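Single-structure report; data block below.
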Amino acid sequence: MNVRERIEELRKSRDAVILSHSYQPPEIQDIADFVGDSLELSRKARDCGAAVVVFCGVHFMAETAHILSPDKKILLPEPGAGCPLADTIDADLLRAFKERVDAPYAVIYINSPAEAKAESYAVCTSANAVQVVQSVPSDRVAFAPDLNLGTFVAGRVRGKEVLVYPGACRPHAAADIDDLKAGKADWPDAEVLVHPETSPLFWDEADHVLGTGGMIGRVSESPASRFLIGTEEGMIHRLRTLFPDREFRAVGGIFCPNMKRITLEKVERSLDLLEPEVSLPETVRSRALSAVERMTGTT
Ligand code: CIZ
């Protein structure tokens, strides 16, 4: 039996579902039951009937799945797959930031640790950040941890001051603008879609600034046949799978090494041993859940 066959057998015998983020390597996306963004996958984890969820992504994503599904076993096949952006904030840093900027309410990007979510009024994703910030019952809102996304939101909400924490996703924030311009020169007819974690220099060159779910929605309704994509390059496999009749090219050289740490062998091992499991103390989980539910009430 090869590794794919062993995974298949274990998936059945363990009553498991395999979820993959759109930034995962192609071979992981291809064996997954569902591929999507962190919130979509956490909702799939909650709504599926399976007892075991193998979350192929990074730590904060598996944690979010646990926040929504405390009774399921949430496995992260590579426990070292972290998110340096999420690591820029924690509960103490967020409390200090809210105090320093004199903003009683914080909106926190889903790319953050559960302890910081528990200190926040609401969670947001790149898709709904503007609506979530707009819904906060205060005219001063602290936003953490992504500076570029927060700046994007600050420019779009009405009647509120958004005080932005200076965290960054390095691969997105340091994306190569010359590569984007070269892509546009090669494919002048292409539509340019970039992620809000990239810098404003990228937004200025783009037709649309969107999270990964928004990119899929835009491609499905666009008349264009070619697209330049300014986000983590794993997204190209996702888009090619969904839209085999269109052409996609990654621009900016955006590569997340943490997203590539899960292998088929690690998925198999995780299913076999039912570890490593991700869970949280109930006090943190339930407070983080309230912040996630406020987002859901908004969007
Ligand atoms: O929330 C997610 O899954 C991430 C990391 C990005 C996005 O835009 O979907």
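Just so it is clear, none of the values below were taken in a lab; they were calculated from the coordinates. All values derive from a computational prediction rather than experimental measurement. Here the Cβ is made from the backbone with ideal geometry for all residues, glycine too, and neighbour counts use every protein chain on show.
S286 to E265: extension gain in nm, 0.36 nm per residue of separation minus the Cα-Cα distance? Numbers along the way, then the final one.
Values: separation 21, 0.36 × 21 = 7.56 nm, distance 3.34 nm.
Extra length available between S286 and E265 comes to 4.2 nm.
From most to least packed by mean Cβ count within 10 Å, the peptides 205-214, 126-135 give 126-135, 205-214.
In terms of the Cα gyration tensor, with a ≥ b ≥ c the square roots of its eigenvalues, is the range 1-134 rounded because a/c is under 1.5, prolate because a/b exceeds b/c, or oblate? Kindly include the intermediate steps, with their values, before the conclusion.
Details: a/c = 2.45, a/b = 2.34, b/c = 1.05.
In terms of gyration-tensor shape, prolate.
The aspartates and glutamates within cross-link reach of K181, meaning a Cα-to-Cα straight distance under 20 Å and a gap of 8 or more places when in the same chain, are D189, E191, E197, D204, E205, D207, E232, E233, E247.
Can you tell me, using C-alpha contacts under 8 Å and at least 6 residues apart, the relative contact order of the range 18-167 as a whole percent?
Working: 287 pairs, mean separation 25.0, N = 150.
With pairs under 8 Å counted, the relative contact order is 17 percent.
Within 10 Å of each residue's Cβ, count the other Cβ atoms and sort F152, F227 from fewest upward. Kindly include the intermediate steps, with their values, before the conclusion.
Numbers: F152 22, F227 25.
Ascending number of Cβ neighbours within 10 Å: F152, F227.
Take every pair of alpha-carbon atoms less than 8 Å apart whose residues are at least six positions apart; their mean separation over the length of the range 226-299 yields a relative contact order of 25 percent.
How would you classify the range 146-299 from its alpha-carbon gyration tensor, with a ≥ b ≥ c the square roots of the eigenvalues: rounded for a/c under 1.5, else prolate if a/b is greater than b/c, otherwise oblate? Taking the square roots of the gyration eigenvalues as a ≥ b ≥ c, the range 146-299 is oblate.
Taking every alpha-carbon pair under 8 Å whose residues sit at least 6 apart, the chain reaches a relative contact order of 23 percent. Farthest towards the positive end of the charge dipole of the chain, among the residues T263, S138, I216, is the Cα of S138, using unit charges on the Cβ of Lys, Arg, Asp and Glu.
Think of it as helices only: each DSSP H run of n ≥ 4 in the chain is worth -39500 (n - 2.57), and spread over all residues that comes to -12500 deg cm²/dmol at 222 nm. By definition, a body whose alpha carbon gyration tensor gives a ≥ b ≥ c is oblate when a/c is 1.5 or more and a/b is not larger than b/c, and the chain fits this oblate description.
Each Lys and Arg adds +1 at its Cβ and each Asp and Glu adds -1 at its Cβ; summed about the Cα centre, the range 57-182 shows a dipole of about 380 debye. Of all DSSP bridge pairs formed entirely within the chain, close to 5 percent run antiparallel. Between the range 142-173 and the range 242-266, the alpha-carbon centres lie 25 Å apart. In a simple Cβ point-charge model (Lys, Arg +1; Asp, Glu -1; nothing else charged), the chain has a dipole of about 520 debye relative to its Cα centre.
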